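Participant: Provided herewith is a single structure, encoded as structure tokens, for subsequent inquiry.
The values are calculated or read from the model by the stated rules, or taken from the named source; none is laboratory data. Since the structure is predicted, the reported quantities are computational estimates derived from the model, not experimental observations. As a convention, Cβ positions derive from the backbone with ideal geometry for all residues, glycine included, and neighbour counts pool all protein chains shown.
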Amino acid sequence: MVDEIDGLKKNATRIFVLFLVLNVLAIAVAFTGSTRTLYYFIAIGGLAAFVSAFSFFRVKVATNTKSLGRAAMQGLWINCSMAIGYFLAAPAPYFSSSPAVWGVGITVGAVAVIVSVLMLFRVRKITGVPLSI
């Protein structure tokens with residue numbers, strides 16, 4: 001059980017670093033698109049990057065199973081929600097973004113949603129913390 005908790009802590013920190021990098025990448029690519037896309041990606045990516053960094057530190061300092069599970073769950077839920085925003089807004093005609101921004105937005109969104117959902121179920125299984133935090 002202790003090995004599973006240590007492995008979960010290590011994986012959660014890696015995933016939050018991955019989310020931070022993906023959000024910064026999406027913001028950087030948004031500079032090539034329209035102004036609406038740029039502002040939207042700055043808002044959604046900035047919030048998700050902040051949550052990723054904050055969750056990274058919360059998971060690092062977690063002292064017991066419950067605090068680790070809560071920190072990971074909350075960060076994963078918010079990142080999953082923001083990723084859905086990338087996934088849905090990138091191809092929207094309102095933003096009139098370039099195909100490069102479309103591709104990055106959809107890729108970042110899809111990767112983050114898939115990784116978040118898989119990790120949410122893993123955290124629930126190992127820590128026993130419910131998904132409805």
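Participant: Would you mind telling me which numbered condition in (1) at pLDDT 90 or above; (2) surrounded by fewer than 22 Cβ atoms within 10 Å (Cβ to Cβ) residue 94 fails?
Facilitator: (1)
Participant: In addition: Would you pick out the residues in region 18-44 that are without any contact (Cβ under 8 Å) to a residue 40 or more places away in the chain and of a type outside the set (S, T, N, Q)? Break it down stepwise before answering.
Facilitator: Within region 18-44, the subset without any contact (Cβ under 8 Å) to a residue 40 or more places away in the chain is 20-21, 24, 27-28, 31, 35, 38-39, 42-43.
Within region 18-44, 20, 21, 24, 27, 28, 31, 38, 39, 42, 43 meet the criteria.
Participant: Then there's this: Looking at region 5-25, which of its residues are modelled with pLDDT of 90 or more, surrounded by 18 or more Cβ atoms within 10 Å (Cβ to Cβ) and among the aliphatic types (A, V, I, L, M)?
Facilitator: 12, 15, 20, 22 - these are the residues of region 5-25 that are modelled with pLDDT of 90 or more, surrounded by 18 or more Cβ atoms within 10 Å (Cβ to Cβ) and among the aliphatic types (A, V, I, L, M).
For (1) touching a residue at least 60 places away in the same chain (Cβ under 8 Å); (2) closer than 28 Å to residue 6 by Cβ; (3) out of contact with any strand residue (DSSP E or B) (no Cβ under 7 Å at 6 or more places or on another chain); (4) of a type outside the set (D, E, K, R), each residue gets a yes or a no:
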| position | (1), (2), (3), (4) |
| --- | --- |
| 53 | no, yes, yes, yes |
| 94 | no, no, yes, yes |
| 97 | yes, no, yes, yes |
| 109 | no, no, yes, yes |
| 131 | no, yes, yes, yes |
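Participant: In addition: Return the residue satisfying two criteria in turn: it lies in region 18-49 and is of a type in the set (S, T, N, Q) and part of a helix (DSSP H, G or I), and of such residues it is farthest from residue 98 (Cα to Cα). Walk me through it before giving the result.
Facilitator: Kept after step one, since they are of a type in the set (S, T, N, Q), are these residues of region 18-49: 23, 32, 34-35, 37.
The next check asks that each one be part of a helix (DSSP H, G or I); those that pass are 23, 35, 37.
Numbers: 23: 18, 35: 11, 37: 9 Å.
Top of the filtered list is 23.
Participant: Any residue at all in region 39-59 that's more than 16 Å from residue 81 (Cβ to Cβ) and in contact with a Lys or Arg (Cβ under 9 Å, 6 or more places away or on another chain)? Full working, then the answer.
Facilitator: First, pick out the residues of region 39-59 that are more than 16 Å from residue 81 (Cβ to Cβ): 39, 42, 53, 56-59.
Now drop any that are not in contact with a Lys or Arg (Cβ under 9 Å, 6 or more places away or on another chain), which leaves 58-59.
Yes, region 39-59 contains at least one residue that is more than 16 Å from residue 81 (Cβ to Cβ) and in contact with a Lys or Arg (Cβ under 9 Å, 6 or more places away or on another chain).
Participant: Moving on to the next point. Can you name every residue in region 103-118 that is in contact with a helix residue (DSSP H, G or I) (Cβ under 8 Å, 6 or more places away or on another chain), surrounded by fewer than 17 Cβ atoms within 10 Å (Cβ to Cβ) and not β-branched (Val, Ile, Thr)? Outline the logic, then answer.
Facilitator: Filtering region 103-118 for residues in contact with a helix residue (DSSP H, G or I) (Cβ under 8 Å, 6 or more places away or on another chain) gives 104-106, 108-113, 115-117.
Cutting the leftovers down to surrounded by fewer than 17 Cβ atoms within 10 Å (Cβ to Cβ) gives us 106, 110-111, 117.
The answer is 110, and nothing else.
Participant: Another question, then. Given 121, 87, 54, which one is assigned to a helix (DSSP H, G or I), surrounded by 14 or more Cβ atoms within 10 Å (Cβ to Cβ), modelled with pLDDT of 90 or more and hydrophobic (A, V, I, L, M, F, W, C)? Break it down stepwise before answering.
Facilitator: Details: 121 fails: surrounded by 14 or more Cβ atoms within 10 Å (Cβ to Cβ); 87 fails: modelled with pLDDT of 90 or more.
Only one candidate passes the filter, namely 54.
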